[in-house]
Every structure is written in structure tokens, then in C-alpha cells.
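Here is the structure we will look at, set down as C-alpha cells.
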Amino acid sequence: MIPILLLIIFQIGLLNVIQFIAWPEMVYEPYLMNHGFTIYENITIAHVPLLLFILQVFFKLFTEPILSIKIFTWFLALVTGLSIFWISSQLFKKNKWAYFAWGLYILAQIYYEGNGIWFDHLVAFFGLWSFFFFYKFLFCSSKWQDLIFSGLFLGLAGISKQTAGWLVLPALAGFLIDWRRKKDLFKTIKFGLLFSLSVLLPWVLVAIWLVYKNALADFWFWAIHFGIGILPVATGQIQLPSWQQLIGSGMPFLIIIPFLYLDKKKRLEKLMTSLWCLFGIFGVYPRFERFHFQPAIPLLVIIWTWLFFRRKSRLLAILMILLFVPFWVRFFINNRSSTVRFFEPDVQVATDWLKQNTKPDQRIYVFNTWDHFYALADRLAAVDPVSPTLEWYLEIPGIQEKMIASLKQQENPVIIIFSSDYPPAF
């Protein structure tokens, strides 16, 4: 119990000294949803909805927006860390290994921009549990219940972010392994259908909610047609890494190579773990950001733990850790700050001005700057739909006309918040 408490204190302490990232979408979208705006219909969003549903609840429990997302971010980081500890103890049968895996996760989660909630962080949690139950089904139990749990968690990951769909591919590889080992194609197909139905169940629940809100067509356009078909190839959306970024982010994953080939024990188990880890990285394209690595981090620390405690690979694991230490230390030094990103002093001044110079029932329009002013100032948007001032959203036919028409319908004067240098550098 004492090691668990120490790791919790260490994780919270580290999160507390690293700069917190209050992504604007995570601030204003749940706020507006709690005030009658429906995502996809009244708020243009290219992502699937589960994280925003959860944040809605936290915004009701903790009325201050920045505090709400910080509490949920830290809660999710702790729960994911505890999950890694428990799952590692089941896989390795040794608590010492499990503590080590959790400790590695604390360091890696911070390094890959974990101190600020984004859709990928939720995929990391659900993807980990989907992997565990699939691994358990494939190599330990062969029980259909484990397969159902794996499918349900993968479905929850899917309604957290579309890039979780990449994890279907290692699951398909797992069914090929199952067929090869059991030589029973009919049984493998039956298990595959059961898994597929489990994955679809969370999507069915979302579809029911969308039908109830009369937003199914809007969801299809923004989350599927736009989010998957248009946005990834939109001008300005593609962001490839520099060599320094690629080395700093990708080097820890090179450990997968010796993990697969260093010895011949449990080849299929290691292959499955590696595939789940590698496909968790695929969300980094087309916009390379370090937090897009989050879905792969839980599997990566499990791989590192296995290598560290194996006699044949311990020296290699230690060497790789030592090579990575300078990158982590540099990140820590550069990101140690008590200032909340996107809630800097100038944003606080603008927020205070809005609160003092507008009435609670007076609507505002945020143009050419971050949209989180709606939530920070506790004022509703004067436009419908609410859309970021980004060309890949505003160039959709009819969007600007709808926004202008909604502005004209406002009875009270509308305050427009404008910036000439949006978006600022990430």
C-alpha cells in the first residue's frame, strides 16, 4: 500500500509542477453543451463525443472551467497509472515489475504532453483495457466474456477518437493467431462476430443519443465525412515533424525491436503487444503532436518493464533509458511552469474585461482568436453554429451564411472579441 501512495504522490507532484495545457476546445465545447448547444448541430467539431460528454459532467461538478478539466486530467492520469499497475501485475505476476511499469508511465505520460486533456488521453485508457482483455482471451482464458470486454473497451476508445480505429488491425491479427493455433475457422469467425458486436455497442448508444437530438446527419458530416475525409488532408492541417522532434518522440519506441527478437520465448505474446503499441502511434498523422503518442504509452511502458527485468536485456534497457534521460530533463526544464497554457495573463485580463462590460444575458462572438472566452467569461455564443476561425471549418459551404444570419437575429448588442494574430504558435 505504501508504494502505491508514494507513486500517487509522485504523479500528482510531477503534474503540479509541469505546465498545464487547457486546450480551448476542452474548455468552451462542454460549457456550451451544458447551456443548450448540441455538438455537430450547433458546434462544429471533427471528433467523436465521449470525452465531451464526460467533461460536461465535470463542468457541472466543478463550475470553474480550468479547474474542471485539470481535475479530470489528473484523475484520468491516476486511473490509467493504476490500471497499468494492475494489468502489469496480472501479466508479470510480480508486484515489483508492476510498480516499475507505473513509475515509467508517470515519466512517459508527462513527456508526451499528458498534463492537459485531449481525446488521445481517453483512447489510451480504453485501449489499454481492450488490449488486456484481448490478450487474456488469446493467451490465457479463451473465454468469450474476455472478448466481449475487449470489444466494449475498443468501442469506447472509438467513440473517444476516430484514430482508435487503427487498433482494430492488431485485433484482426489476433484472430489470425487464434485461427492458426486452434485450427477452427468456424469458431474464430464466431468469436470475431462477437467481438465486432461488442465494439459496435457504444456506437449504437451514441447513435440513439444523436437521433434523440436530431443531430445524426450533422454527426455524419462533421465526425465522419469532414473529420476523416476532409480534415486530415486540409491545407494547413498537415504538420510533419522535424528531425529533432522525430528523434525525441520516436526513440523510446525503438525498444520494440529487441523486445521482439532478443529471445524466442512468448513470440506471439510479444508480437501482439508490439502491434497494439505500434498502431497506437498512428494518430500522429497528419498533424504531428507529441500528445498523439498517448494511446501507445501504456503498452510501451509494459514492453520496457519486460526488457528491464529480463537478465538478457537489462543492460540494453538501462542504456536506452540513459540515452533518453537528456530529452526528458530538457522537456522538464522547458515546461516547468505554474502558468496555464491558453490562460496566460493577457487572456485573464480580457476575460475580466468581458465579465465587467457585458451582462450575463448578453451574447458574444469570438472571432479570430481562441474560442474558450465563451466559458471563461461565462457568456453564450451569438453565432450558430459555433465554429473555430480556421479555414478548413469556415470554407465549408453555407457555414458563414448561417453564422451571419444568427448574428443578425440577436436582440441585444453583440460584443465581438477579435485578434489580428490568430492562431498563435502552438
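Quick note: the coordinates plus some simple rules give every number you see, no bench work behind them. All of these numbers come straight from a predicted model, not from anything done at the bench. Methodologically, a virtual Cβ is constructed for each residue, glycine included, from the backbone with ideal geometry; neighbour enumeration extends over all protein chains shown.
With a cut-off of 8 Å between alpha carbons and a minimum separation of six or more residues, what is the relative contact order of the chain in percent? Don't skip to the answer; put the middle values down first.
On the way: 559 pairs, mean separation 96.1, N = 426.
Result for the chain is 23 percent.
For every helix of n ≥ 4 consecutive DSSP H residues, a contribution of -39,500 (n - 2.57) applies; sum these over the chain, divide by its total residues, and give [θ] at 222 nm rounded to the nearest 500 deg cm²/dmol.
On the way: 19 runs with 255 residues, N = 426.
Helix contribution divided over all residues of the chain: -19000 deg cm²/dmol.
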- Message: With the cut-off at 1.5 for a/c, could you classify the range 2-335 from its C-alpha gyration tensor as rounded, prolate or oblate?
- Response: oblate
- With Cα springs under 10 Å, the Gaussian network model of the chain assigns the largest mean-square fluctuation among 56, 409, 239 to 409
- Message: Calculate the FRET efficiency for residue 265 and residue 341 from the Cβ-Cβ distance with a Förster distance of 45 Å, rounded to the nearest 0.05.
- Response: 0.50
- Message: Take residue 82 and residue 205, extend 7 Å from each Cα along the Cα→Cβ direction, and tell me the distance between the two endpoints in nm.
- Response: 2.0
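Set the Förster distance to 22 Å, then compute FRET efficiency between residue 361 and residue 384 from the Cβ-Cβ distance, nearest 0.05.
The computed FRET efficiency comes out at 0.85.
Quick check of the Kirkwood formula: for the range 66-135, what is the inverse mean of 1/r over all pairs of different Cα atoms, in Å? Walk me through the numbers on the way to the answer.
Numbers: mean 1/r = 0.0799 Å⁻¹.
This gives a value of 12.5 Å.
Sort 185-195, 102-112 by the packing proxy (mean of other Cβ within 10 Å over each peptide's residues), most packed first.
Values: 185-195: 14.6, 102-112: 22.7.
By packing density, highest mean first, the sequence is 102-112, 185-195.
Once you sort the root eigenvalues of the Cα gyration tensor of the range 345-418 as a ≥ b ≥ c, which label holds: rounded (a/c under 1.5), prolate (a/b larger than b/c) or oblate (the other case)? Numbers along the way, then the final one.
Details: a/c = 2.88, a/b = 1.41, b/c = 2.04.
Oblate, since a/c reaches 1.5 and b/c is not below a/b.
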- Item | For the range 270-302 and the range 43-105, distance of Cα centres in Å | 17
- Dipole magnitude of the chain, debye to nearest 20 (Cβ charges: Lys/Arg +1, Asp/Glu -1, about Cα centre): 2760
- Query: Over the range 72-122, what is the relative contact order in whole percent, taking alpha-carbon pairs under 8 Å and six or more residues apart?
  - Reply: 42
- Item | Computed E for residue 5/residue 71 - FRET, C-beta separation, R0 30 angstrom, nearest 0.05 | 0.95
- Message: Going Cα to Cα from residue 60, which lysines come in below 25 Å? Please leave out same-chain ones fewer than 8 positions away.
- Response: 70, 161, 213, 355, 359
- By average Cβ neighbour count within 10 Å, what is the ranking of 357-365, 136-144 from highest down? 136-144, 357-365
- Item | Sorted by Cβ neighbour density within 10 Å, fewest at the top, the residues 1, 26 | 1, 26
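What ranking, highest mean first, results for peptides 273-280, 242-249 when packing means the other Cβ atoms within 10 Å averaged over each residue? Can you show the working numbers first?
Working: 273-280: 23.4, 242-249: 12.8.
Packing proxy ranking, top to bottom: 273-280, 242-249.
Can you tell me the length gained on complete extension of the stretch residue 181 to residue 402, counting 0.36 nm per residue apart and subtracting the Cα distance? Intermediate values should be presented prior to the final figure.
Details: separation 221, 0.36 × 221 = 79.56 nm, distance 5.77 nm.
Separation in residues times 0.36 nm, less the Cα-Cα distance, equals 73.8 nm.
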